[in-house]
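See below for the structure under consideration.
The values are calculated or read from the model by the stated rules, or taken from the named source; none is laboratory data. None of the values given here were measured: they were computed from a predicted structure. Glycine also receives a Cβ, built like all others from the backbone with ideal geometry; neighbour counts cover every protein chain displayed. These area figures cover heavy atoms from the full protein model, side chains too; ligands, DNA and RNA do not enter into them. Shrake-Rupley method; radii C 1.70, N 1.55, O 1.52, S 1.80 Å.
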Amino acid sequence: MLDVARHFMPKDNLLRFIEVMAMHKLNVLHLHLTDDQGWRIQINRYPKLTETGAWRRESSLGSWRAGVFDGLPHGGFYSQDDLREVVAFAAERHITVIPEIDVPGHSQAAIAAYPELGTGAAPGVWTRWGINETVLEVSQTSLEFYRNVLDEVVEIFPSRWISLGGDEVPLTQWQSSAQAQSQARELGMPDVSGLHSWFVGQLAGHLDARGRATSVWDEIGDGELPDGALVASWRGYEGGMSALKSGYDVVMCPEHRLYLDHRQADGDDEPVPVGFVTTLQDVYGFEPLPAGADEAFPGRLLGAQANIWTEHLDSPRRVHFAAFPRLSAVAEVLWSQPENRDYDGFLARLEGAHLERLEAMGVEYRPLSGPHPWQLRPGVAGWKRDYDAEQRIAAG
Ligand code: ACM
């Protein structure tokens, strides 16, 4: 998964990224096209989505917690013809592009363009990172709008799955929205929390009527999953395991293993060091099923995916740095059996030939010994997390 919403990746760079994916036999590109900070897909019926929603005044510089902004306008979007070209270019290389239109959270750019989609005052396109309380209003207006958007999306993307996102939806606004309260009452819900999966389910039904299946982040499994949904399990393995046991298709992408925006080493030299330390060797040690999982479940584990979020990857060069060579390790792990994996052998092949191939392709990977001087971002605040400590706290 590549996030082109937080920072736009120009089409020529996206095509190059797809070429490098093909070289690694990676066969699905989940393209995160919309978020609070930008809407990147032209929708003919709603031109303000890109006129207004595709750019922001400035961006958080580093972790939003530092409260520093860069003062630089940022934006860009793909025309429908651009996306058709991307889909065709990928298809020639045996790669399916799965678009994501994220609802009902991560939608502030859309609300900035069409304030009637929101629950209150019109916000601008969001300029900071983090989880956002601004969400879509649970209304017929919003549903009708997104049905129309999806009708254009399915015309561009022939993939079996369309992602509706569904991650990180704070309930704050719905708790004080008369519309949301009344919708919950009408549906016989005790509170507004069920509206999250209900809203996604309404749009999943629309996709189903058009012959498409829905992909969602695993939060939707906390409520009701749409029939035939594909679950992308990011909050660890649990959401994916639970979906497999209930007969759903799953793609594993646990945050503590496969988030390639997370820092690659423990040192302070990592540029904008955020998240859990996820070294090349950690990635190579990834298993699509958690240790001890009983493999006899009714659902299908379709694969795994690395997620490349771009809050702190503000250029294609920074995406290369975060992705490679860790994505090379992802490819080897996902196309091999555990008994055939050998980290030392992988390293020898990287150093003996593969890094040279990446270099020849113009991929500005992170050298194994650490960043080049020009890859450092001195003074830009990160936000380091410690997985073991978080587990201990969660366990009480
Ligand atoms: C996610 O990382 N919010 C899917």
Counting only protein heavy atoms and rolling a 1.4 Å probe, one gets per residue an accessible area for segment 1-123 in Å² of 37 Å²
The chain, relative contact order [Cα under 8 Å, separation at least 6], % = 15 percent
Dipole of the chain [Lys/Arg +1, Asp/Glu -1 at C-beta], most positive-end residue of PRO373, GLY292, TYR237 = PRO373
Remind me, relative contact order of segment 92-197 in percent, using alpha carbon pairs under 8 angstrom and six or more residues apart?
-> 33 percent
Sorted by packing (mean other beta-carbon atoms within 10 Å per residue), highest first, where do 344-357, 150-163 land?
-> 150-163, 344-357
When the accessible area of the chain is split by element with a 1.4 Å probe, what percent falls to carbon and sulfur?
-> 49 percent
Ordering GLU100, GLU168, GLU116 by how much accessible area each has at a 1.4 Å probe, largest first, what is the list?
-> GLU116, GLU168, GLU100
Per-residue ellipticity at 222 nm for the chain, helices alone: DSSP H runs ≥ 4 residues times -39500 (n - 2.57), over residue total, nearest 500 deg cm²/dmol?
-> -9500 deg cm²/dmol
What list of ³J(HN,Hα) couplings, whole Hz, do you get for segment 263-274 from phi and the Karplus terms 6.51, -1.76, 1.60, once you set θ to phi - 60° and write x for glycine and proline?
-> 4, 8, 7, 7, x, 7, 6, 5, x, 6, x, 10
Between LEU280, ALA88, SER63, whose Cα lies farthest towards the positive end of the dipole of the chain when Lys and Arg beta carbons carry +1 and Asp and Glu beta carbons carry -1, centred on the Cα centre?
-> ALA88
Mean-square fluctuation maximum in Gaussian network of the chain, Cα pairs under 10 Å, restricted to ALA213, ALA306, ALA109, hits ALA213
Non-local amide H neighbours of ALA232 (under 5 Å, H modeled in plane, Pro and chain starts lacking H): which ones?
-> VAL216, TRP217, ASP218, VAL251
